[in-house]
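The values are calculated or read from the model by the stated rules, or taken from the named source; none is laboratory data. Please read all numbers here as calculations on a predicted model, not as lab measurements. Cβ atoms come from the backbone with ideal geometry, glycine included; neighbour counts cover every protein chain shown. Accessible surface areas use protein heavy atoms only, side chains included; no ligands, DNA or RNA. Shrake-Rupley method; radii C 1.70, N 1.55, O 1.52, S 1.80 Å.
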Amino acid sequence: GEDVEQSLFLSVREGDSSVINCTYTDSSSTYLYWYKQEPGAGLQLLTYIFSNMDMKQDQRLTVLLNKKDKHLSLRIADTQTGDSAIYFCAERNTDKLIFGTGTRLQVFP
Amino acid sequence: GAGVSQSPSNKVTEKGKDVELRCDPISGHTALYWYRQSLGQGLEFLIYFQGNSAPDKSGLPSDRFSAERTGGSVSTLTIQRTQQEDSAVYLCASTKGLLPSPLHFGNGTRLTVT
């Protein structure tokens, strides 16, 4: 079945790197996504990766995909207090996205 | 242009009453999605529309839930005889064409059933 799992919380110091992990179950997923949700707001797309890629970098964000282990990670370099939010990974299943439970990232000074 | 608009932003209702939640997608976006966000549950897919048709409504929790879309634009999610477990944030998203086009989310409707 479809299941996307994430750890619920991550706390990092400002300036450090954050790594948010995600595992998924559908090996046929063609695209995997990272979304960010700030308090009281909807979700905002951060980045996505096609399943034939291992890595994608976009400024401070690096996405790593391990298809064999069905593992996706999001690394945020030089984490800032403005990065505090909930981060969701999602896999594409036909024409809909299946989201994980979200990881709440807290950045402290 | 304007983003996805949802109304009301907050709704408090008594158990057993019916509620209607509205979503105005971005103009020109053909696909529209409804998700439910419960505390600690992540986002749960409910239904999606392509135009006015709903090719996948597999996520609707029960026959108390229904949704429609008219004119390829506005969508309404209706919950009949609300129960306390229906309390959640209901999120709408739209996209221009099919995935992998990014989903643009509204800010959601927070529904509280007392």
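Give me the distance between the Cα centres of the range A:72-87 and the range A:1-45, rounded to whole Å. When both Cα centres are located, 10 Å separates them. Extending 7 Å from Cα along the Cβ direction at A:Lys68 and again at A:Met53 yields two label points whose distance is 2.2 nm.
Contact-buried residues of the range B:42-59, at a threshold of 10 Å² lost accessible area versus the chain by itself: B:Gly42, B:Leu43, B:Phe45, B:Tyr48, B:Asp56 (1.4 Å probe; DNA, RNA and ligands ignored).
Taken one residue at a time, the phi angles of the range B:22-36 give Karplus couplings (6.51, -1.76, 1.60, θ = phi - 60°) of 10, 9, 10, x, 5, 4, x, 7, 8, 9, 9, 10, 10, 10, 10 Hz. Gly and Pro are set to x. The residues of the protein assembly as shown have, on average, 48 Å² of accessible surface per residue, using a 1.4 Å probe with all protein chains present.
Contact-buried residues of the range B:99-113, at a threshold of 30 Å² lost accessible area versus the chain by itself: B:Leu99, B:Pro100, B:Pro102, B:Leu103, B:Phe105, B:Asn107 (1.4 Å probe; DNA, RNA and ligands ignored). Just the protein heavy atoms count here, and of the accessible area of chain A at 1.4 Å, carbon and sulfur take up 47 percent. The phi-based Karplus calculation (6.51 cos²θ - 1.76 cosθ + 1.60; θ = phi - 60°) puts the 3J(HN,Hα) values of the range B:72-83 at x, 10, 4, 10, 10, 9, 10, 10, 9, 6, 3, 10 Hz, whole numbers, x for Gly and Pro.
Close amide H contacts of A:Glu14 (hydrogens built in the peptide plane, cut-off under 5 Å, sequence separation of 5 or more or a different chain): A:Phe108.
Mind grabbing the interface size between A and B? I mean buried accessible area, both sides, 1.4 Å probe, in Å² to the nearest hundred.
Working: alone 6180 and 6140 Å², together 10740 Å².
Buried surface at the A/B interface: approximately 1600 Å².
Leaving out ligands, DNA and RNA, and with a 1.4 Å probe, what % of the accessible surface on chain B is carbon or sulfur? In chain B, the share of accessible area belonging to carbon and sulfur is 44 percent. Where both bridge residues fall in the protein assembly as shown, DSSP classifies roughly 90% of the beta bridges as antiparallel.
Using 7 Å Cα-to-Cβ label points, what is the B:Asp18/B:Thr30 separation (nm, one decimal)? The modelled label-to-label distance comes out at 3.2 nm. Between B:Arg81 and A:Arg60, the modelled labels are 5.0 nm apart [label points 7 Å from Cα along Cα→Cβ]. Of the residues B:Gln41, B:Gln84, B:Gln50, the one that moves most in a GNM of chain B with alpha-carbon contacts below 10 Å is B:Gln41.
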